[in-house]
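The values are calculated or read from the model by the stated rules, or taken from the named source; none is laboratory data. None of the values given here were measured: they were computed from a predicted structure. Please note: Cβ atoms are built from the backbone with ideal geometry, for glycine as well, and neighbour counts cover all protein chains shown.
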Amino acid sequence: MKKKTIFISGSSRGIGFEIAHLLSKNKNYNIIINSRSLKKLKFAAKKIKNCKYIAGDITNQKDLKKIYKKLKKIDVLICNVGNSSSVIAGKEKKEDWDKSFKENFFSSVNLIKILEKKLMKTKGMIICISSICGVEYIKGAPITYSVSKSALNTFVKIYSKILGPKGVKINAIAPGNILFAGSVWEKKLKKNKRYVKKIINDEVSLKKLGSADDISNMVNYFINNNSEFINGSIFVIDGGQLKSF
């Protein structure tokens, strides 16, 4: 019970997996990974080793209640579930909007709401993994994805005013173009490497794609340093892509 219990949603692969893998190296942490797929969780747990897992779809209320009951204590909640789409701008249907908000907004909000009382007991911390698409207009990004991530960023800013006085800090990390196995950027590179290289050279000042390690290192910094005066902030990690001041 003296160890910090850290729950990471959507962590059987990608950014969530890398966050769990890095944090698991600290023996003072109890790491709990999550995914809808029990098979993927078992496979991920073999690689991470120092972790436990809870299978469940965090966009499903029944599964959320199951997760709530299994988490006896929580110090850090990392909301990582999110998904882009291939819908052409202007061609979105109602079901596209519903799906995007379910996966990119309510996947975090519903999890936070059901666990906030447990976090208040430990004076805990919440970190949401968002996107630069929710900070500034990114050419080519799906509108549904951009708007739902913008809503998440706004929620973090506003809800920090509610949770802060109760001892819980909430912040978000907004990654830029992150490359990992199975990512959108891996698929784009396979499809047209020259086109991707041009986009990155034109838009990103460091002229390269980021890695999941860039995000996991920032999460690790937050938790290790306890970040006592950071609340309601959106931290951009994009290699110098955004242009707004």
The helices (runs of 4 or more DSSP H) lying wholly within segment 153-245 that contain at least 1 residues that are in contact (Cβ under 8 Å) with a residue 40 or more places away in the chain and closer than 22 Å to Glu116 by Cα are 212-225
Pairs returned, first residue in segment 86-108 that is assigned to a loop (DSSP other than H, G, I, E, B), second residue that is crowded, with 16+ Cβ neighbours inside 10 Å, beta-carbon separation under 6 angstrom, 6 or more apart or interchain, are Val87/Asp96; Val87/Pro142; Ala89/Ile143; Glu92/Thr144
- Residues in segment 48-56: is at least one free of Cβ contacts under 8 Å to residues at least 12 places away in the same chain and either closer than 20 Å to Tyr221 by Cβ or not aliphatic (A, V, I, L, M) (or both)? no
Restricted to segment 141-152 and to residues being in a helix (DSSP H, G or I) and in contact (Cβ under 8 Å) with a residue 24 or more places away in the chain, the residue nearest to Ile126 (Cα to Cα) is Leu152
Report yes if Ala151 is closer than 17 Å to Ser85 by Cα, modelled with pLDDT under 95, surrounded by 14 or more Cβ atoms within 10 Å (Cβ to Cβ) and aliphatic (A, V, I, L, M), otherwise no.
no
Taking segment 168-200 and keeping only residues that are more than 30 Å from Leu77 (Cα to Cα) and hydroxyl-bearing (Ser, Thr, Tyr), one is left with Tyr195
Checking Gly232, Gly240 in turn, the sole residue that is more than 26 Å from Lys3 (Cβ to Cβ), at pLDDT 95 or above and either among the hydroxyl-bearing types (Ser, Thr, Tyr) or loosely packed, with under 13 Cβ neighbours inside 10 Å (or both) turns out to be Gly240
The residue from Ser130, Ser146 that alone is crowded, with 21+ Cβ neighbours inside 10 Å and over 14 Å from the mean Cα position of the chain (by Cα) is Ser146
Going through (1) over 19 Å from Ile173 (Cα atoms); (2) within 19 Å of the chain's Cα centre (by Cα) one by one, Glu18 fails only at (1)
